[in-house]
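Heads up: the structure comes next, in structure tokens.
The values are calculated or read from the model by the stated rules, or taken from the named source; none is laboratory data. Nothing here was measured: the structure is a model prediction, and the numbers come from that model. We place every Cβ from the backbone using ideal geometry, glycine too, and count neighbours over all the protein chains shown.
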Amino acid sequence: MSEHGHELSFTEKYIFSVDHKVIGLQYMITSFIFLLIGFTMILIMRWQLAFPGTVIPIFGKLLPATFAPGGILGPTGYNQMGAMHGTIMVFLGIVPLAVGAFGNYVMPIQIGAPDMAFPRMNMLSYWVYLPGGILMLSSFLMPGGAAQSGWTSYPPLSVINPGQTVWLLSMVFLITSSLLGSMNFIVTVLNLRAPGMTLWRMPLFCWSQFVTAFILLLAFPPLEAAAILQLSDRVLHTSFFMPDGLVVAGQAAQYAGGGAVLLYQHLFWFLAHPEVYVLILPPFGIISEIIATNTRKPLFGYKEMVYAMMSIAAMSFLVWAHHMFLSGMSPALSNFFLITTMIISVPSVALLTCLILSLKGASIRFTTPMLFALSFLPMFGIGGLTGLPLGLTVTDIYLHDTYYVIGHFHYVVVTGSLMGLFGGVYHWFPKMFGRKMDDCLGKIHFWGSVIAMNGILMPMLVIGLQGQSRRLFDPTAQLHNLIGQPMHVLSTISAIALMLFQIPFIYNFFNSMFRGELVDSNPWKATTLDWDCPSPPPHGNFAKVPRVYRGPYEYSHPDHNEDWLPQSREHAEAAR
Amino acid sequence: MSTETVAYENVGIPDGKLALWLFLASEIMLFGTLFTSYIILRTAAPAWPVGWEVLNVPLATLNTFILIASSVTIVTAHSRVQKRDQKGFSAFMALTVLLSFGFLIVKAVEYGVKFSHGIFPSTNIFYSIYFVMTGLHGLHVIVGIAWNLGLMWWAKNGGWDDKLFEGRVEYAGLYWHFVDVVWIFLFPALYLL
Amino acid sequence: MGNYSWLLPVQASSFAARIDLGLWIIHAAMILIFVLWTIFFAYLLVAYRQRDGHKAERIHIDHWKSLAPDAAVLFFELSVVALYVIPTWSSLKMSLPDEKDSIVVNIVAEQFNWNVHYPGPDGKFGKRSAALIDFSNPLGIDPTDPAGADDFVTVNDMHFPVGKPVLARLSSKDVIHSFFIPAFRIKQDAVPGMVVPLWFEPTLEGDYEVTCAQLCGVGHAIMRADVKVQSRTDYDRWFASMAPVKKAGPSGATEEW
């Protein structure tokens, strides 16, 4: 493996590596493992929802008795898994995959940089993220178990419940990792672009990472503050979030009082709403790359999309309280957040419109990554549309905190973000390993996943409309939920199917690493710089620093004999 | 990596300085959030203790002067680096570190007196805020001390002639000014209002 | 079960129909947008698929035209907001019925029960204090306050007369709960340390269910209560039959004790 002069030990090369590509792959593998763990948790929970009080197959016997007495999931176990599913999927799964993995691997080579601006800090951010993740998982083994107050961790519940301290500590790790990463990304984009790579010549993926880094940089500190205050409520018995006169289980709580319960929600959502855009913008960038490459024409409205992303990022700091219409916050304040919420939908529609119109006049190649990118468009559409009745205060009265909400944000994050990220894996796999993933298995993975995902999420919208509250350990304990029970069964069966359809992907991923079809450095005939360097790129990426002569998506250029004109090629070859 | 020196597209600010400003932006969000929480909790409270009646204003005033003085000494240390005066740098940096320790000692005395009177963070919401905010600020002071000691060590072990040295002293100074500014806000917010 | 269907539950409060109107308008619009949009999408996929003799065109569509969908969406949203959402929200949340014409109750949530504090025949609530809370006095009603002598508390069982607004002051003893009656289309978080007013007017006699919509701990799923909407005479008879809380335990306690 050491075709280059400088000899590095195994540890330096693969474990404590400072190479952005190795770090990117570390992030990718780690976050996929976390996604799998988080998904296994929801399978166990979904079994309980569909068949309450029955023994969980396979996992029932493996879980400790505190969790699942006699193989039947208990309410404490359910709440722990519920909180951890959300936390793992958002903070340990999707964000590290979208930003840590793809951002790290692809962004520097797309702007022609030899590495990130601060390679050691980059390594550090992975090595802060991983212990944070392990700490999060280890909380299951702590006395009292893992956090069980939902991923939102609302006080006073989270302050009086066991398990939250480790959750908060591990959040501090994850936030630190994100902050280090986002500083690194911004500096790299600003100061390390190849000659000629002006900001307006950057591929949309780089723009999406750049904008996302700003969101992470500015939105995470308020959560960090909220975590610090909650931690001190738990450890030092301060009362930031503990109001006067709390009586828990008939006993007066040992707190001085004077705290503000809603303050935490404001701080949390001030981060967590922008966080939604952290989940969605990088996949938007990924599918923009895939769509440009596979339509063989320039993207429609490149600048419009960049401006849309920027305005989404800016606006995302002004909409947080639409999660709090019914929290007891002043109803007059709700009107303000109602209006900002409606306004932020405009740039999202603009992004979607641009990508759809990009298909017009194209010559669409239905490659596997393209299928994932195309499915993103209607599925994210459902996610966006179902956000409408939730964003309107009046209809939110009925739908808030029901399964409709769960259906809505999973449409955004699962059929949206996750599908976009899968597309990215298929798209950049040849760059990462010099081999292609198998097309047939990829298509099985795609069709299976997209159908199973809809089978999981559509029923949730229905039972949400029926008025079923979320986070119920046993929905059949309440009369009005009984009618929706078959929907839970359908959803659970689809979830099991979704798990099965990931098997071809996992097999395909590892098998193709060693036995996939060998391809040259630019198998998709794409224009951006990432396809200019060898696959996999060596340390330092480019043998010679590339020079950039034009914008990112010069496909089907009239002065050029091929249908793609790379950014780094000085002159178009052969006029028509 | 190529050996030729290429001019990467950049915004004309060195990487380290840019990163530090970004870091400070996130720090401003962090402390901004805490100050906002303070305002919200205070306006919601039916009664609020008067800072200068329950806290030790003379000690805090002393600490304010200590921090301002240390900001001056760190700027002087930086200008000594520009003048290539290693002795002067070491002296002024040592003075900065000493002053920072002085700040921590005064803070510890303040805390100790409170504890001995049976006042803890859990006593009431005012002390919750007082201890958590000054504690977090104290942590930043400790980080600053470690940073400055690291620079002094590096200066003696080959760093003095490194072309990055002057920049790093400048960044340490920027960070230190930020810590100072946070205190300038904390002091009136907790002690005087 | 007759109250619940595959879609929305029965409309059992005065503003249920208004909320449903919004839900239907928005869902109809969503489905219309989605269908039109999917047809266009499918057409593009078929018409511009890669095939022999077909080349991608470097067409530059007029960029301003692409803002038309954005403008249309914004126009639709803002019209819904101006014509429906803000007026409805104001009448539901920003104005309350007159206390004299309403049934006034305190609803106090706790892990994992809904306590309803009725003022008794004198229409006045006794003072409450957290310090007085114990097993026999779950809301801490002050026994020395004459206004509280005839107060009574029900647990997980609330009765309201049909056709009269109910003004509820919602609060919580421990953690955040959320008071949700699907058939009434009403939901409001019960926040410790706060008293949030809430009103609704039952319009249909029958048995309904309160559910907790905010994760409140281990028993979140079993935190439910019965709502009985009765005719005026039935309600009055029930109200008269409720013994006041003196030193005895709360009457009407049905389960979970």
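Is there a residue being facing another protein chain (nearest Cβ under 7 Å), of a type outside the set (D, E, K, R) and in contact (Cβ under 8 Å) with a residue 24 or more places away in the chain anywhere in segment C:38-53? Among the residues of segment C:38-53, not one is facing another protein chain (nearest Cβ under 7 Å), of a type outside the set (D, E, K, R) and in contact (Cβ under 8 Å) with a residue 24 or more places away in the chain, which makes the answer no. B:L55 passes every criterion in (1) more than 16 Å from the chain's Cα centre (by Cα); (2) under 30 Å from A:N541 (Cβ atoms) apart from (2). The requirement of being over 17 Å from the mean Cα position of the chain (by Cα), at the interface with chain A (Cβ under 10 Å from one of its Cβ atoms) and of a type outside the set (F, W, Y) is satisfied by C:L67.
Here's the yes/no breakdown for (1) modelled with pLDDT of 95 or more; (2) closer than 25 Å to A:S149 by Cβ:
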site	(1), (2)
A:L36	yes, yes
A:F39	yes, yes
A:K61	no, no
A:P69	no, yes
A:T76	no, yes
A:P96	yes, yes
A:V106	yes, no
A:V128	yes, yes
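When A:Y307 is tested against (1) crowded, with 20+ Cβ neighbours inside 10 Å; (2) more than 14 Å from A:I215 (Cα to Cα); (3) hydroxyl-bearing (S, T, Y), only condition (1) is not met. Here segment A:375-402 is the region considered, the condition is being touching a strand residue (DSSP E or B) at 6+ places or on another chain (Cβ under 8 Å) and part of a helix (DSSP H, G or I), and the residue that is nearest to C:L7 (Cα to Cα) is A:Y398.
The criterion of at least 1 residues that are modelled with pLDDT of 95 or more is met by the following helices (runs of 4 or more DSSP H) wholly inside segment B:2-88: B:15-44, B:57-82.
Restricted to segment A:16-53, and to residues there that are charged (D, E, K, R) and assigned to a helix (DSSP H, G or I), the residue that is farthest from A:Y426 (Cα to Cα) is A:R46.
Residues that are within 13 Å of chain C (Cβ to nearest Cβ) and in a helix (DSSP H, G or I) were ranked within segment A:223-265; the one that is nearest to A:M309 (Cα to Cα) is A:Q265.
Scanning segment B:77-121 for residues that are under 24 Å from B:W52 (Cα atoms) and β-branched (V, I, T) gives B:I105, B:V106, B:V109, B:V113, B:I119.
Among the residues of segment C:202-233, those identified as free of Cβ contacts under 8 Å to residues at least 24 places away in the same chain and either among the small types (G, A, S) or in a helix (DSSP H, G or I) (or both) are C:A221, C:T233.
Scanning segment A:159-191 for residues that are within 13 Å of chain B (Cβ to nearest Cβ) and under 11 Å from A:E224 (Cβ atoms) returns A:V172, A:I175, A:T176, A:S178, A:L179.
The condition (being within 9 Å of chain A (Cβ to nearest Cβ), touching a helix residue (DSSP H, G or I) at 6+ places or on another chain (Cβ under 9 Å) and at negative phi) is satisfied by just one residue among C:P192, C:P202: C:P192. Only one entry in C:V175, C:V155 is among the hydrophobic types (A, V, I, L, M, F, W, C), surrounded by 24 or more Cβ atoms within 10 Å (Cβ to Cβ), within 14 Å of another protein chain (Cβ to nearest Cβ) and under 30 Å from C:L8 (Cα atoms), namely C:V175. Among the residues of segment C:145-179, those identified as among the charged types (D, E, K, R) and assigned to a loop (DSSP other than H, G, I, E, B) are C:D145, C:D150, C:D151, C:K164, C:K173, C:D174.
Every residue, every condition in (1) part of a loop (DSSP other than H, G, I, E, B); (2) out of contact with any Leu (no Cβ under 8 Å at 6 or more places or on another chain); (3) under 27 Å from A:G301 (Cβ atoms); (4) away from chain B (no Cβ under 14 Å), yes or no:
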site: A:F514; (1), (2), (3), (4): no, yes, no, yes
site: A:N522; (1), (2), (3), (4): yes, yes, yes, yes
site: A:T527; (1), (2), (3), (4): yes, no, yes, yes
site: A:N541; (1), (2), (3), (4): yes, yes, no, no
site: A:Y549; (1), (2), (3), (4): yes, yes, yes, no
site: A:P558; (1), (2), (3), (4): yes, yes, yes, yes
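Say whether the condition of being surrounded by fewer than 24 Cβ atoms within 10 Å (Cβ to Cβ), of a type in the set (V, I, T) and part of a helix (DSSP H, G or I) is met by at least one residue in segment A:108-115. No: zero hits. Scanning segment A:330-366 for residues that are outside any helix (DSSP H, G or I) and surrounded by fewer than 20 Cβ atoms within 10 Å (Cβ to Cβ) yields a count of 5.
Residue by residue, here is whether (1) surrounded by 15 or more Cβ atoms within 10 Å (Cβ to Cβ); (2) more than 24 Å from B:V181 (Cβ to Cβ); (3) modelled with pLDDT of 95 or more holds:
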{"site": "B:F92", "(1), (2), (3)": "yes, no, yes"}
{"site": "B:L98", "(1), (2), (3)": "no, no, yes"}
{"site": "B:T123", "(1), (2), (3)": "yes, yes, no"}
{"site": "B:N148", "(1), (2), (3)": "yes, no, yes"}
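Answer yes or no: is there a residue in segment A:132-154 that is part of a helix (DSSP H, G or I), closer than 25 Å to A:S182 by Cβ and in contact (Cβ under 8 Å) with a residue 60 or more places away in the chain. Scanning segment A:132-154 turns up at least one residue that is part of a helix (DSSP H, G or I), closer than 25 Å to A:S182 by Cβ and in contact (Cβ under 8 Å) with a residue 60 or more places away in the chain. Candidates are the residues of segment C:180-189 that are assigned to a strand (DSSP E or B) and farther than 11 Å from A:S469 by Cβ; the one that is farthest from the other protein chains (Cβ to nearest Cβ) is C:I181.
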